[in-house]
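Single-structure report; data block below.
Values quoted throughout were computed directly from the atomic coordinates according to the rules given, and no laboratory measurement underlies them. These numbers were taken from a predicted model, which means no experiment stands behind them. Cβ placement follows ideal geometry from the backbone for every residue including glycine, while neighbour counts extend to all protein chains displayed.
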Amino acid sequence: MNMQTSIAKLKNAKRIVVKVGTSSLTYSTGRIHLRKIDLLARTLADLCHEGREIVLVSSGAVGVGMGKMGFAEKPKTTREKQATSAIGQSELMSIYGKLFGEYGCDVAQVLLTKNVIENKQRKENATTTFNTLLEWGVIPIVNENDAISTEEIEFGDNDTLSAMVATLIKADVLIILSDIDGLYSADPHKSEDAQLLDEIEEVTDALFEIAGNAGSARGTGGMATKLIAAKTVMEAGINMVITNGSPPAVIYDILDGKKVGTLFKGRQKEDATC
């Protein structure tokens, strides 16, 4: 797929999955960053009014719960993580509901675990729910169901979850909003020669070596998890963009076909059978 074809697909994208990380939703204190969430809600609501179908995969439940409880560090035990997530998820959805409502959009909470995707009947039910909500003009807000999740059924990070959701609903593009500008040729914190990579046609072992595994103090994912997500959606023929989500209005630039962040080009259907 050439660059012009990819840009055309972005401009014409109807069904869009946007993933936002904890670091983009909270301050370093763990408290909720209301201004950023308000800008995100306004942007996504506007796109919804334009006629696009939007799904938001939102991290932040544990981070918001930490802030609400005054915790300085992530919970270490499963029971503490689940309880903190339950507290944070409630507050997060309350805020989303209020802000999206002010911009004329209804939202719905969808909490998933891996066994939903792996079970045929549950997968069909989830797909039907997503399709119905989108037909109604409702924005599904998706997170992992941390309150009941165990190691066997958890996605582990919302980059992977967003890729699964994108493939499940046959999205046109997955946009991952992060606190980084995209994928670099080297670690920009260690190398002055690091260059932002505009587009990627294949996720290779060399890219994983560049990526490393570091995530933020409040999130679970790093660039490596984003590459895994990219590989998943690219194989399904879905484009993916990683970019800095501050401000969220950068989504407009992406959908206008401007060079923003790093574009991972989905395979063309004919290539998938090769």
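Can you order the peptides 73-80, 100-107 by their average number of other Cβ atoms within 10 Å per residue, highest first? If you can, show how the numbers build up before the last one.
Working: 73-80: 11.6, 100-107: 16.6.
Result, highest mean first: 100-107, 73-80.
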| note | If each K or R counts +1 and each D or E counts -1, the residues other than A206 whose Cβ falls under 14 Å of its Cβ total -4
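Take the cross-link list K190/K265; K36/K231; K14/K81; K170/K258 and give me the ones stretching past 31 Å between alpha-carbons. Numbers along the way, then the final one.
Values: K190/K265 27 Å; K36/K231 29 Å; K14/K81 36 Å; K170/K258 23 Å.
Among K190/K265; K36/K231; K14/K81; K170/K258, the Cα-Cα distance tops 31 Å for K14/K81.
How long is the gain from Y27 to K98 if the chain were fully straight, where each residue apart is worth 0.36 nm and the alpha carbon distance is subtracted?
Details: separation 71, 0.36 × 71 = 25.56 nm, distance 1.99 nm.
Stretched out fully, the Y27 to K98 stretch lengthens by 23.6 nm.
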| How would you rank 46-58, 234-246, highest first, on the average number of other Cβ atoms within 10 Å across their residues? | 234-246, 46-58
| task | For the range 173-212 and the range 52-84, write down the distance between their C-alpha centroids in whole Å. | result | 26
| Please report, for the Cα atoms of the range 3-272, the Rg to one decimal and the Dmax as a whole number; what are they, in angstrom? | 17.5, 53
| request: Report the calculated FRET efficiency for N119 and E80 (r = Cβ-Cβ distance, R0 = 41 Å), to the nearest 0.05. | output: 0.90
| query | About the Cα centre of the range 3-272, what is the dipole size in debye to 20, counting +1 per Lys and Arg Cβ and -1 per Asp and Glu Cβ, all else neutral? | reply | 640
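If you average over every viewing direction, what projected area does the convex hull of the Cα atoms of the range 80-200 give, in nm²?
10.2
Beyond 20 Å, what share of the Cα-Cα pairs of the range 25-94 is found? Please give it as a whole percent. Spell out each step's value before the answer.
On the way: 867 of 2415 pairs.
Value for the range 25-94: 36 percent of Cα pairs lie more than 20 Å apart.
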| said: Binning at 5 angstrom from zero up to the longest distance, how are the C-alpha pair distances of the range 19-136 distributed in percent? | reply: 2, 11, 18, 20, 18, 15, 11, 4, 1
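Given the peptides 115-128, 159-172, 177-190, arrange them by the average over their residues of other C-beta atoms within 10 Å, most packed first. Walk me through the intermediate numbers first.
Numbers: 115-128: 13.1, 159-172: 23.8, 177-190: 16.6.
Listed from highest to lowest mean packing, they are 159-172, 177-190, 115-128.
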